[in-house]
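Values in this text are rule-based calculations from the coordinates and carry no lab data. Quick caveat: nothing in here was measured; it's all calculated off a predicted structure. Positions of Cβ are generated from backbone atoms using ideal geometry, with glycine treated the same way; all protein chains shown enter the neighbour counts.
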Amino acid sequence: MTCAIEEKLAGMGLSLPPSAPSRALYLHGKITGKTLFLSGHICEWEGVPKYFGPMTPTSDIEQGYAAAQMCALNLLYNIKAVTGSLSSVAQVVKLNGYVAATPDFGKGPAVVNGASQLFMDLYGEAGRHARTAVNVSSLPELALVEVEAVVELH
């Protein structure tokens with residue numbers, strides 16, 4: 001059954017990935033009380049990385065933005081997998097974004113905006129969140145971006 005959030009996603013020309021396989025021994029998400037903690041997801045589609053780091057001062061920010069958006073789509077997939085529906089989200093509490101970058105790249109927050117904007121577009125004011133965006137030397141599979149999330153459930 002398609003919910004209003006999935007309809008918004010489709011209206012944006014986006015969809016959830018068909019799967020988001022694990023790379024190691026961890027849960028994609030864990031609920032405690034009304035809080036869902038989501039593990040970090042890299043910019044991959046069905047387990048195949050699509051964007052690779054590092055970002056440099058001459059890199060295309062739009063490519064990084066798209067990579068972060070793909071991370072958010074994987075997070076959304078797992079919200080649905082863990083809770084049964086994207087409508088179960090009362091609010092997005094926090095995102096942590098990691099950008100593979102050279103030491104002289106200072107625009108990591110602009111890259112992570114790709115994930116933040118998607119949550120705000122889908123959930124409106126409930127999608128606005130606290131956030132950390134940091135640059136790191138490398139990520140799993142040499143991915144460009146990884147994003148994790150904390151959401152409150154209804």
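Annotation: of all residues in segment 29-74 being assigned to a strand (DSSP E or B) and aliphatic (A, V, I, L, M), the one that is surrounded by the fewest Cβ atoms within 10 Å (Cβ to Cβ) is V48.
Check whether at least one residue in segment 90-103 is polar (S, T, N, Q), on the phi < 0 side of the Ramachandran plot and part of a helix (DSSP H, G or I), and report yes or no. No: segment 90-103 contains no residue that is polar (S, T, N, Q), on the phi < 0 side of the Ramachandran plot and part of a helix (DSSP H, G or I). Scan segment 119-135 for residues that are in a helix (DSSP H, G or I) and either touching a Ser or Thr at 6+ places or on another chain (Cβ under 7 Å) or of a type in the set (G, A, S) (or both) and jot them down. Scanning segment 119-135 gives G124, A126, G127.
Buried (at least 20 other Cβ atoms within 10 Å of the Cβ), of a type outside the set (S, T, N, Q) and either more than 15 Å from P17 (Cα to Cα) or out of contact with any strand residue (DSSP E or B) (no Cβ under 8 Å at 6 or more places or on another chain) (or both): does that describe G127? Taking the combined requirement at face value, the residue does not satisfy it. Are any of the residues in segment 142-153 assigned to a helix (DSSP H, G or I), surrounded by 24 or more Cβ atoms within 10 Å (Cβ to Cβ) and either on the phi < 0 side of the Ramachandran plot or under 14 Å from the mean Cα position of the chain (by Cα) (or both)? No - not one qualifying residue is present in segment 142-153.
Within segment 99-119, the set of residues being buried (at least 16 other Cβ atoms within 10 Å of the Cβ) and more than 14 Å from L75 (Cα to Cα) comprises V99, A100, A101, F105, K107, G108, A110, V111, N113. So A110 fits all but one of (1) closer than 24 Å to L27 by Cβ; (2) part of a helix (DSSP H, G or I); what number is the exception? Condition (1) is where A110 drops out. Name the one entry in S138, S116 that is more than 20 Å from F37 (Cβ to Cβ), polar (S, T, N, Q) and not in a strand (DSSP E or B). None of the others qualify; the one that does is S138.
For V89, state whether it is β-branched (V, I, T) and more than 20 Å from R23 (Cα to Cα). When the stated conditions are applied, V89 passes them.
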